[in-house]
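Down below is the structure, laid out as structure tokens.
Values in this text are rule-based calculations from the coordinates and carry no lab data. Remember, it's a predicted structure, so these values are computed and weren't measured experimentally. Here the Cβ is made from the backbone with ideal geometry for all residues, glycine too, and neighbour counts use every protein chain on show.
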Protein chains: 2
Amino acid sequence: MAAKSNNIEEGLTFKPKFDQQGLIPVVTVDADSNEVLMVANMNAAALEATLASGKGTYFSRSRAKLWVKGEQSGHEQKVVEIMVDCDQDCLVMKVKVSGGQCHVGYRGCFYRRVKKGSSDQLELVGRRVFDPKEVYGK
Amino acid sequence: MAAKSNNIEEGLTFKPKFDQQGLIPVVTVDADSNEVLMVANMNAAALEATLASGKGTYFSRSRAKLWVKGEQSGHEQKVVEIMVDCDQDCLVMKVKVSGGQCHVGYRGCFYRRVKKGSSDQLELVGRRVFDPKEVYGK
């Protein structure tokens, strides 16, 4: 077992470990600033499509299908590199983006932080970069 | 439903959504460089302990207990801020660290990337910052 674990952790063979639902979590970050833009899932087909096309492609659990980020908004992700963690059950994907990545209109999904000294209050730290009504026609 | 969704997405009340196992994923990043150091889980008690102590505290699924990062290695995490995503089911935690955060000896867990043009080969991009044998006595 130790040898196998070492191989996963120390080896240079990419063996992504998908969970029982066939998914692996992906932390997508801005290639320039390292800002975390979003966290989503890929299945094997989404990872394959991402590697083949160079465009961030995920698996949508709610819609149960592959989802090319930006297919609706036009705000696509150009993949710069994909990193894998020690036990190969999580990815970090560095991307260049042409527009806001969060459907609420922010550059990334993490536009609020927990207020200092509080456990239940947030404060806004992001800046809206697009109007979801215009982009998604909601 | 729209009002509720708007409240979660646009509101300033922190209502972290734990999954069926009572966990929320946490992306821990270096507060200075934004480098993703690790991805782990918190349950409600781990989040509460983190907010109260200012030290990154997680829930270990394999050991089924709270785990203060660095309790064994000494490489603790001083929390700078905690961000939450649009639907409040994922956290980004910015931390200052005193030492390598990955048990394999690297600064972070994402020390390998998928080789350009390959789908199964990795290349090492991280640099070892400590010897796990010395730190964990393995």
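A compact table of results
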quantity	calculated
Restricting segment A:55-112 to GluC sites (Glu not before Pro) in coil, as DSSP defines it, with at most 13 other Cβ within 10 Å	A:GLU71
Rounded to 5, percent antiparallel among DSSP beta bridges of segment A:2-138	80
Other-copy label distances relative to B:LYS116, 7 angstrom Cα-Cβ extension, nm	4.4
Shortest-first nm distances, A:GLU134 label point to equivalent points in other copies (7 Å, Cα→Cβ)	5.6
Under 14 Å, Cα to Cα: Lys pairs in chain A, sequence gap 8 or more or different chains	11
Shortest-first nm distances, A:ASP32 label point to equivalent points in other copies (7 Å, Cα→Cβ)	2.4
Among beta bridges that DSSP assigns inside the protein assembly as shown, antiparallel share in %, nearest 5	85
Where rotation carries B onto A, the chain B residue whose Cβ is nearest that axis, in whole Å	B:ASN34, 2
Coil-residue trypsin sites (Lys or Arg not before Pro) of segment B:48-111, DSSP, other Cβ within 10 Å capped at 13	B:ARG61, B:ARG63
Only Lys, Arg (+1) and Asp, Glu (-1) charged, at Cβ; segment B:36-78 dipole about Cα centre in debye	100
